[in-house]
Amino acid sequence: MIRQATNTDFPELADIYHDASLIAHPFIDPEFIAGDRLRVRDEYLPLNESFVYEVQGEILGFVSLTDDHINGLFVKADHQREGIGSDLLNHVKERHPRLELCCFVDNYQAQRFYHAQDFEIVEERGNTELPFDEYRMLWQAS
């Protein structure tokens, strides 16, 4: 089931962010990701619209947006490749005629996933917080 996230979900979502980020971003210092966990929980999630994928009371993943910009889509490591990310993305596609996101150039798995979901790279640029390049990707409803 996909539902709107509540503030009581934020600590668990921050943990999912942390664990999935360590796997997806091995080029980022793990200490940065660990420190970012609190910022995600306390600053980022409260200001965004987030949806969780939940099965029998367990949150397996989430997507978070500001307007039509996807700020993050994260799935628990032991539940990746089960269609959860696709389901979350389809959920927000139903609500937005246009979506954009940023994906690190070195995150090949995410690039393949978003290309399979009909996102296209529209720009390569430097990340504002980290010394890595990223792609800005765009999806538009047909």
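The values are calculated or read from the model by the stated rules, or taken from the named source; none is laboratory data. The structure presented is a predicted model; accordingly, all values stated were derived computationally and were not measured. A quick note on method: Cβ atoms are made from the backbone with ideal geometry, for glycine too, and the neighbour counts reach across all protein chains shown.
Among the residues of the stretch 121-129, is any more than 26 Å from E43 (Cα to Cα), of a type outside the set (D, E) and modelled with pLDDT of 95 or more?
Restricting attention to the stretch 121-129, the residues satisfying the condition of being more than 26 Å from E43 (Cα to Cα) are 121-124.
If we keep only those that are of a type outside the set (D, E) as well, we get 121-122.
In the following step, the residues that additionally are modelled with pLDDT of 95 or more were identified as 121-122.
Yes, there is a match, as at least one residue in the stretch 121-129 is more than 26 Å from E43 (Cα to Cα), of a type outside the set (D, E) and modelled with pLDDT of 95 or more.
State whether the residues of the stretch 87-97 include one that is more than 26 Å from F10 (Cβ to Cβ), touching a residue at least 24 places away in the same chain (Cβ under 8 Å) and touching a strand residue (DSSP E or B) at 6+ places or on another chain (Cβ under 9 Å).
Scanning the stretch 87-97, I find at least one residue that is more than 26 Å from F10 (Cβ to Cβ), touching a residue at least 24 places away in the same chain (Cβ under 8 Å) and touching a strand residue (DSSP E or B) at 6+ places or on another chain (Cβ under 9 Å), so the answer is yes.
Scanning the stretch 4-22 turns up no residue that is more than 24 Å from T128 (Cα to Cα), out of contact with any strand residue (DSSP E or B) (no Cβ under 9 Å at 6 or more places or on another chain) and assigned to a strand (DSSP E or B). Can you tell me which residues in the stretch 103-120 are in a strand (DSSP E or B), surrounded by fewer than 18 Cβ atoms within 10 Å (Cβ to Cβ) and at pLDDT below 95? Selection gives nothing.
Here's the yes/no breakdown for (1) in contact with a Phe, Trp or Tyr (Cβ under 7 Å, 6 or more places away or on another chain); (2) crowded, with 16+ Cβ neighbours inside 10 Å; (3) over 20 Å from C103 (Cβ atoms); (4) touching a residue at least 40 places away in the same chain (Cβ under 8 Å):
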{"site": "D9", "(1), (2), (3), (4)": "no, yes, yes, yes"}
{"site": "A20", "(1), (2), (3), (4)": "yes, yes, no, yes"}
{"site": "A24", "(1), (2), (3), (4)": "no, yes, no, yes"}
{"site": "F27", "(1), (2), (3), (4)": "yes, no, no, yes"}
{"site": "G35", "(1), (2), (3), (4)": "no, no, yes, no"}
{"site": "R41", "(1), (2), (3), (4)": "yes, yes, yes, no"}
{"site": "V52", "(1), (2), (3), (4)": "yes, yes, yes, yes"}
{"site": "G57", "(1), (2), (3), (4)": "no, no, yes, no"}
